[in-house]
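The values are calculated or read from the model by the stated rules, or taken from the named source; none is laboratory data. Small disclaimer: the values here were computed from a predicted structure and weren't measured. Cβ placement follows ideal geometry from the backbone for every residue including glycine, while neighbour counts extend to all protein chains displayed.
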Amino acid sequence: MSIIFYLYIFYFLFISFNKPNDWIYLFNGKNLDGWKIKIRGHEVNDNYKNTFQVNDGVLEVSYDGYESFDDKFGHIFYTKQEFKNYHLSLEYRFFGSHLKGAPSWSIKNSGVMLHSQSPNSMLLNQEFPLSVEAQFLGGLKMGESRPTLNMCSPGSDVDIDGLKASSHCVNSYSKTYYSDQWIHVEMVVYSDSIIHHIIDSDTVLSYTNIKVGGEFVPDSLKENIGKSLQKGFISLQSEGHPIQFKNIKIKTL
């Protein structure tokens with residue numbers, strides 16, 4: 001065989017093993033296959049009052065069946081696998097009106113939970129999974145700053161600029177989005193080492209040294225306080241304001 005043949009084989013193997021990871025869509029736009037629901041006070045996959053729906057190709061948090069919120073904090077988890085090092089991309093859009101009885105801080109407030117515990121490991125009345133949250137906020141009054149893609153830490157601790165974050169939520173440097181427009185956000189996650197929040201190609205927040213801790217660790221997981229939070233599931237929130245999600249995709253790093 002000629003040297004050219006061997007060079008061809010070498011080139012084929014090189015491009016095969018060095019091919020960039022493709023995006024994988026976590027939400028298929030048709031149904032909730034691959035996802036599990038956990039709403040406070042309800043068993044796993046009890047989709048109370050049809051909170052999580054698929055409408056016109058988007059994953060929607062709807063409160064059409066509710067009269068009052070009644071602390072029904074909910075999350076929908078992609079449970080086909082846990083993720084450790086990855087690039088997550090999605091779009092979200094607030095719409096409609098804040099639900100009666102939901103806390104005032106939850107107006108135009110939602111998020112995506114990273115390195116989350118599984119839905120089956122959550123306590124029946126647990127409000128939020130142990131995780132680190134990329135928080136989504138919408139502007140409420142023109143001229144008043146309310147950045148999005150912030151960091152909140154239900155059951156976790158992180159360092160920002162080398163120091164342990166002193167509050168449960170830390171604002172990003174993003175601008176405020178006042179209208180109910182679609183917002184494209186990205187999170188780049190390297191296990192427990194560093195997480196970047198990105199919007200409009202701009203990194204608006206980074207944090208390091210992700211571990212179990214803080215004041216919201218559920219009793220069932222307190223033995224893990226101080227341990228590194230290296231991987232977990234991805235989930236989306238329902239906190240009292242209608243919101244839609246689409247183009248939820250991921251690639252491993």
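Would you say residue 129 is surrounded by 13 or more Cβ atoms within 10 Å (Cβ to Cβ), outside any strand (DSSP E or B), touching a residue at least 40 places away in the same chain (Cβ under 8 Å) and over 15 Å from the mean Cα position of the chain (by Cα)?
Answer is no for this residue.
Part of a loop (DSSP other than H, G, I, E, B), more than 20 Å from residue 47 (Cα to Cα) and of a type outside the set (Lys, Arg), is that true of residue 144?
yes
Check the range 185-197 and report whether any residue there is in contact with a strand residue (DSSP E or B) (Cβ under 8 Å, 6 or more places away or on another chain), on the phi > 0 side of the Ramachandran plot and assigned to a loop (DSSP other than H, G, I, E, B).
Yes, the conditions are met somewhere in the range 185-197.
State whether the residues of the range 30-46 include one that is touching a Phe, Trp or Tyr at 6+ places or on another chain (Cβ under 6 Å), within 16 Å of residue 243 (Cα to Cα) and surrounded by fewer than 19 Cβ atoms within 10 Å (Cβ to Cβ).
Looking for residues that are touching a Phe, Trp or Tyr at 6+ places or on another chain (Cβ under 6 Å), within 16 Å of residue 243 (Cα to Cα) and surrounded by fewer than 19 Cβ atoms within 10 Å (Cβ to Cβ), one finds none in the range 30-46, hence no.
Would you confirm whether or not the range 74-97 contains a residue that is surrounded by 18 or more Cβ atoms within 10 Å (Cβ to Cβ) and not in a strand (DSSP E or B)?
Checked the range 74-97: no residue is surrounded by 18 or more Cβ atoms within 10 Å (Cβ to Cβ) and not in a strand (DSSP E or B).
Of the residues that sit in the range 158-176 and are hydrophobic (A, V, I, L, M, F, W, C) and either assigned to a strand (DSSP E or B) or in contact with a Lys or Arg (Cβ under 7 Å, 6 or more places away or on another chain) (or both), which one is farthest from residue 83 (Cα to Cα)?
Once the filter is applied, the top-ranked residue is 163.
Under 7 Å between Cβ atoms, at least 6 apart or on separate chains: pull out the pairs that start in the range 53-68 with a residue that is over 13 Å from residue 31 (Cβ atoms) and end on any residue that is of a type in the set (A, V, I, L, M).
Listed pairs, sorted by first residue: 61/243; 63/99; 66/99.
Testing residue 174 on (1) more than 23 Å from residue 107 (Cβ to Cβ); (2) free of Cβ contacts under 8 Å to residues at least 40 places away in the same chain, one condition comes back false. Which one is that?
The one condition residue 174 does not meet is (1).
Take the range 134-153 and flag every residue that is acidic (Asp, Glu) and buried (at least 24 other Cβ atoms within 10 Å of the Cβ).
The answer is none; no residue qualifies.
Filter the range 150-171 for residues that are touching a residue at least 40 places away in the same chain (Cβ under 8 Å) and among the hydrophobic types (A, V, I, L, M, F, W, C); which is nearest to residue 212 (Cα to Cα)?
Step by step, filter the range 150-171, then rank; the result is 158.
So, residue 110, is that one at pLDDT 95 or above, at negative phi and either in a loop (DSSP other than H, G, I, E, B) or of a type outside the set (A, V, I, L, M, F, W, C) (or both) or not?
Yes.
When the residues of the range 180-203 are filtered to those that are surrounded by fewer than 17 Cβ atoms within 10 Å (Cβ to Cβ) and within 15 Å of residue 94 (Cβ to Cβ), which remaining residue is nearest to the chain's Cα centre (by Cα)?
Looking at the filtered set, the residue picked out is 184.
Residues are listed down the side, and each one gets a yes or a no for (1) surrounded by 15 or more Cβ atoms within 10 Å (Cβ to Cβ); (2) within 19 Å of the chain's Cα centre (by Cα); (3) not in a loop (DSSP other than H, G, I, E, B):
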site	(1), (2), (3)
178	yes, no, no
207	yes, yes, yes
217	yes, yes, no
220	no, no, yes
240	yes, yes, no
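Being over 30 Å from residue 67 (Cβ atoms), at pLDDT 95 or above and either of a type in the set (Gly, Ala, Ser) or loosely packed, with under 14 Cβ neighbours inside 10 Å (or both) is true for just one of 211, 227. Which residue is that?
When all the criteria are applied, what remains is 227.
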